[in-house]
Amino acid sequence: MNIKRLVMVMMLGLGVTFVAQAQVNRENIKFNATLTATQSQYMTFLYQYMPLSDWADYTEEFFIQQVEATIQAKQYFSWGKSIPDEIFKHFVLPVRVNNENLDTARVVFFKELRERIKDLTMYDAIKEVNHWCHEKVNYRASDGRTSSPLATMKTSWGRCGEESTFTVAALRAVGIPARQCYTPRWAHTDDNHAWVEAWADGKWYYFGACEPDAELNSGWFDSPVKRAMMVHTTVFGKYEGAEQKNYEHKLYSKINLLSNYTSVKTLKVIVKDVSGKPIENAEVDFGLYNYAEYYPLSRIKTSAQGEAVLTTGLGDLMICVTDNSRYKVQKINAEDTLSVIILDNADTASFFREFILTPPVEKIVKAKNDSVVAANALRVAYEDSLREAYIHTFPQYRMYLRKQPNYVMDYQDSVIDKSWGNYETINRFFGTNHASKFCVKTGVDITETAKAILESIYEKDLRDVPYDVLQDHVTAFKNCRQPKKGYPQEIIDQYILNPRIQLEKLTSWRSYLQSYFLNQGEKFVREPQKIADWITQYIKLNNSDNYYGQQISPMGVLKIMECDNVSRDILFVAICRSFGIAARYEWATGKAQYMLPNKDWTYAIYEKSDSKANPQEQMTKLIVTSSPNNDTKPEYYSHFTLSKLINGRFQTLDYEYEPHFDHFPDTLSLSNGYYRLLTGRRADDGSVFVREEYFNLRGSDTSVCVTLPKVQYEPKVLANIDMEQTKMNINSQFQTLKSLCGDKGLLLAFVNPANEPTKHLIADFALLKQEFEGLNVGIVAAVCDDKTPQQTTETMTNSLPKQTIFTQDEQQTSLNAITKAIKYDFGNNFPLLVFVTPQGDVVFVSEGYRIASPDSVLKIISGLQ
């Protein structure tokens, strides 16, 4: 056996022995506990196919508890016996939904839901579970880490990925097959979405997670999904279902569900060399422009005939082909079903090109409007009130002092506000590390240390971090004997003390690693590269088996002695910080770095081959400027990205978490190589005007200019309205549209704040609130539902621009007047947005939730100037 994989390993000949506690062995799975035949069958299935993160970070006892809860639900509900084994194994038994932190939600949710749904049909039980989910959780945007189901419930809100994870967990807890469905990127706007499919009596149904409609197979995204280019889901285990597989791995499959939602085509790409011979095992990325990069909807290896086949939507794609050395990037038009790509020598010439990418055409799905829908709307409003009542138990709503006119929020209150349902944890942490605490032995101000930790972690961390994790980092930092002198305080706080490294689950790694490497600390401090050397020698790299992308904790890596690239970097950074060495995960290149006092940041080198292409060697300055002809400041991931050609594929430099491009020019230090500057602007119909610029970095300072493609916004006049004669009922007073109109026009928003599409629209407006406030445009928000909870209305008031006039549109008088005046057949899909020029030209109408519609209105206003 390879020394790396021995259960007992000797560290670098120093006589320090460590134990790999649970090596991954899928061929000979054994359990410590005594299990029944059914328990053993289910446990074996889970361990045979689970990702590395679950082997590493969760115990056998945890999964036994989940299996016991699964068996209990199967026996308790009438539908338990009717679910085919293939469906049950893949869509009920697995605990993991996506890349969330796991918890005991299955046990908790079963207890909460069993009496509520036990006498319902399977179809009605699905609806009822979603109503329960809506009582607990609502939509709000957040960062890319997916919180656990119980943490999401404690907070009371989450992004769509968290809502759908929460809802799938709830359905599986009561024995109903469920899966999270994704359109990984929309074709017509820079965004994505996740929802849920649940199985009842032989059929899959879709719906919005925590967004209950009157019936299944309905959601606010009914119209947008008609423009999708991909809808897929990841299936745990070896799956033999009827759905088309985009990708099949020994542990999981990605299945293609797009044909369930929209019109599709079969696209075949044939890859050949210059002699016309098919190339086998070339990798074909079916790329979709989104967030200023070509996002791979699917990555497929070519067959012996050089073919890669994908079922996709009716829009343009960018096909990126590589055999790890040669590459080709080629546009595929919407009408194409066959493309032959010749893979010749890799081109590294400097050039640019421009073209337009077109998404599938828009299709409007009319909403139902009947008594069942109306009754459901009333129930949804009541559920909102239940959730709001829970939120009002949080300190920011019930502290008497905050109602006083002279109250000034202090630091502790501001942090507790951000912690939402986790406020007791944060309050306890403050209490433990109260003022005037000081460690004489190490000279650490404990109170300031605790404060610095809370300031360095992400806002989402405040909502779900456990007390023990926070306290461990304070205590272990205090006890660290390695010198931290020589670093500025901001470096200590951000890159030594900070428990947050990447998007991993926060854990108590600091004290664990100090103990694990007890005799190594001084050597690590002198030469941090020794840490990377140790990792290279003893930790097996496995980038294929951690397939959900859930980062493995440092303790988990040392438990199983293998991990993926990102988890390896997290381990390196964690060891460095544990011994007082500044270290970070550098987002732009996706690599770990360390910094000794008074030195520059240095990349960790794991393999000898790394040194040949080591990013710290042969660096070149790239000066990024903005064209004086740009009509707006370019934003990274909105208007442009930079990518580097690595092993035949352009890999985007990730500056989402890096402080770059706030101002131009901006100077980057990048490793030599071949790069692409990708720039794009969207038109109102979702099409993208793209500009690609390819260039080399070879040691000399280089400049590139971000030049935004010109998009002519010439809005079509859809109707004309008499601004002086047409009136709206504004809070019991009829006013003409002319009196409501600003110099730039009038935006009318007919909304139902209790329904999900309106909530999504309000969230979009909040992001552009300042932009609208800087324009002299009139805005009227007419609430077309008199059952809207007060808190929901307050949220809308705070999110919309300050010039917005709010009114209650009783009996939809104003709505009917406007739709009649512009001759628009309103299908009852709230919200309805109408933009009218000062001359009465209606140039924008949007029914239902159209993603980024406020941005579209801004573009139209800009085009009218």
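Of the conditions (1) in a helix (DSSP H, G or I); (2) β-branched (Val, Ile, Thr); (3) open to solvent by less than 30 Å² (accessible area, probe 1.4 Å), residue 108 clears all except one; give me its number.
Residue 108 satisfies all of (1) in a helix (DSSP H, G or I); (2) β-branched (Val, Ile, Thr); (3) open to solvent by less than 30 Å² (accessible area, probe 1.4 Å) except (3).
Anything in segment 651-678 that is outside any strand (DSSP E or B), open to solvent by less than 40 Å² (accessible area, probe 1.4 Å) and modelled with pLDDT of 90 or more? List them, or say none.
653, 654, 655, 661
May I ask you to list the residues in segment 176-208 that are aromatic (Phe, Trp, Tyr), crowded, with 20+ Cβ neighbours inside 10 Å and in a strand (DSSP E or B)?
182, 195, 199, 206, 207
Within segment 716-726, which residues are part of a loop (DSSP other than H, G, I, E, B), among the aliphatic types (A, V, I, L, M) and surrounded by 15 or more Cβ atoms within 10 Å (Cβ to Cβ)?
Within segment 716-726, 718, 721, 723 meet the criteria.
Identify all residues within segment 101-158 that are more than 18 Å from residue 193 (Cβ to Cβ) and among the acidic types (Asp, Glu); write none if there are none.
103, 112, 115, 119, 124, 128, 135, listed by residue number.
Output the residue which, of all residues in segment 210-230 that are part of a loop (DSSP other than H, G, I, E, B) and in contact with a Gly (Cβ under 9 Å, 6 or more places away or on another chain), is farthest from residue 134 (Cα to Cα).
229
For the list (1) of a type in the set (Val, Ile, Thr); (2) touching a helix residue (DSSP H, G or I) at 6+ places or on another chain (Cβ under 7 Å); (3) outside any strand (DSSP E or B), I need the number of the one condition that residue 311 fails.
The number of the failed condition is (3).
How many residues does segment 627-650 hold that are open to solvent by 40 Å² or more (accessible area, probe 1.4 Å), touching a residue at least 60 places away in the same chain (Cβ under 8 Å) and not charged (D, E, K, R)?
Counting residues in segment 627-650 that are open to solvent by 40 Å² or more (accessible area, probe 1.4 Å), touching a residue at least 60 places away in the same chain (Cβ under 8 Å) and not charged (D, E, K, R) gives 5.
Does residue 48 qualify as being closer than 24 Å to residue 548 by Cα, outside any loop (DSSP other than H, G, I, E, B) and in contact (Cβ under 8 Å) with a residue 24 or more places away in the chain?
For residue 48, the condition - closer than 24 Å to residue 548 by Cα, outside any loop (DSSP other than H, G, I, E, B) and in contact (Cβ under 8 Å) with a residue 24 or more places away in the chain - is met.
Take the residues of segment 144-175 that are outside any helix (DSSP H, G or I) and over 16 Å from the mean Cα position of the chain (by Cα): which is nearest to residue 220 (Cα to Cα)?
In this case the residue turns out to be 156.
Those residues that are of a type in the set (A, V, I, L, M) and either open to solvent by 10 Å² or more (accessible area, probe 1.4 Å) or modelled with pLDDT under 95 (or both), I need them from segment 259-287; list them, please.
The answer is 264, 270, 274, 279.
Considering each residue of segment 505-529, count those that are open to solvent by less than 10 Å² (accessible area, probe 1.4 Å) and within 16 Å of residue 583 (Cα to Cα), and give that number.
6
Pick from segment 80-102 the residues that are open to solvent by less than 10 Å² (accessible area, probe 1.4 Å) and either among the charged types (D, E, K, R) or more than 26 Å from the chain's Cα centre (by Cα) (or both): which of them is nearest to residue 243 (Cα to Cα)?
88
Give segment 477-519 a look and list any residue that's over 17 Å from residue 594 (Cα atoms) and assigned to a loop (DSSP other than H, G, I, E, B), or say none.
480, 481, 503, 504, 505, 506, 507, 508, 517, 518, 519
Hey, could you check segment 231-240 for residues that are assigned to a loop (DSSP other than H, G, I, E, B) and touching a Leu at 6+ places or on another chain (Cβ under 9 Å) and say which is most open to solvent (accessible area, probe 1.4 Å)?
It comes out as 238.
Limited to segment 583-598, what total is found for residues that are of a type in the set (Gly, Ala, Ser) and at pLDDT below 95?
Count: 2.
Conditions: (1) open to solvent by less than 10 Å² (accessible area, probe 1.4 Å); (2) in contact with a strand residue (DSSP E or B) (Cβ under 8 Å, 6 or more places away or on another chain); (3) over 24 Å from residue 507 (Cβ atoms). Residue 165 meets all but one. Number of the miss?
Condition (3) is where residue 165 drops out.
Under 7 Å between Cβ atoms, at least 6 apart or on separate chains: pull out the pairs that start in segment 384-409 with a residue that is modelled with pLDDT of 65 or more and end on any residue that is assigned to a helix (DSSP H, G or I) and charged (D, E, K, R).
386/135; 387/135; 387/136; 392/398; 396/417
Every residue, every condition in (1) of a type outside the set (Phe, Trp, Tyr); (2) farther than 26 Å from residue 202 by Cα; (3) crowded, with 23+ Cβ neighbours inside 10 Å; (4) out of contact with any Gly (no Cβ under 6 Å at 6 or more places or on another chain), yes or no:
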position	(1), (2), (3), (4)
104	yes, yes, no, yes
114	yes, no, no, yes
127	yes, no, no, yes
135	yes, yes, no, yes
141	yes, yes, no, yes
144	yes, yes, no, yes
149	yes, yes, yes, yes
157	no, yes, no, yes
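For residue 153, indicate whether it is under 21 Å from residue 263 (Cα atoms) and buried (at least 24 other Cβ atoms within 10 Å of the Cβ).
So residue 153 does not fit the description; no.
Could you tell me which of the residues 491, 426, 453, 457 is modelled with pLDDT of 90 or more and touching a strand residue (DSSP E or B) at 6+ places or on another chain (Cβ under 8 Å)?
Step by step, each of 491, 426, 453, 457 is checked, and only 491 is modelled with pLDDT of 90 or more and touching a strand residue (DSSP E or B) at 6+ places or on another chain (Cβ under 8 Å).
Is it the case that residue 689 is farther than 30 Å from residue 223 by Cα, in a strand (DSSP E or B) and open to solvent by 10 Å² or more (accessible area, probe 1.4 Å)?
For residue 689, the condition - farther than 30 Å from residue 223 by Cα, in a strand (DSSP E or B) and open to solvent by 10 Å² or more (accessible area, probe 1.4 Å) - is not met.
Considering only segment 803-836, state which residues are open to solvent by 10 Å² or more (accessible area, probe 1.4 Å), in contact with a Leu (Cβ under 8 Å, 6 or more places away or on another chain) and of a type outside the set (Phe, Trp, Tyr).
Listed by number, the residues that qualify are 805, 819, 822.
Tell me, which strands (runs of 3 or more DSSP E) lie completely within segment 792-851 with 3 or more residues that are on the phi < 0 side of the Ramachandran plot and not polar (S, T, N, Q)?
Filter on segment 792-851 gives 832-836, 841-847.
Scan segment 543-592 residue by residue and report those that are of a type in the set (Asp, Glu) and buried (at least 21 other Cβ atoms within 10 Å of the Cβ).
562, 564, 569
Please enumerate the residues belonging to segment 183-231 that are among the polar types (S, T, N, Q) and more than 13 Å from residue 290 (Cα to Cα).
217, 218, 223
Which of (1) at pLDDT below 95; (2) of a type outside the set (D, E, K, R); (3) open to solvent by less than 70 Å² (accessible area, probe 1.4 Å) does residue 462 not meet, given it meets every other one?
For residue 462, the exception is condition (1).
At least 3 residues that are within 25 Å of the chain's Cα centre (by Cα) and of a type in the set (A, V, I, L, M, F, W, C) in each: list the helices (runs of 4 or more DSSP H) lying fully within segment 727-787 that qualify.
Fully inside segment 727-787 and qualifying: 756-767.
The values are calculated or read from the model by the stated rules, or taken from the named source; none is laboratory data. These figures come from a predicted structure and were not determined experimentally. Cβ sites come from the backbone with ideal geometry, for glycine too, and all protein chains shown count toward neighbours. The accessibility values were calculated without ligands, DNA or RNA, using every heavy atom of the protein model including side chains. Shrake-Rupley method; radii C 1.70, N 1.55, O 1.52, S 1.80 Å.
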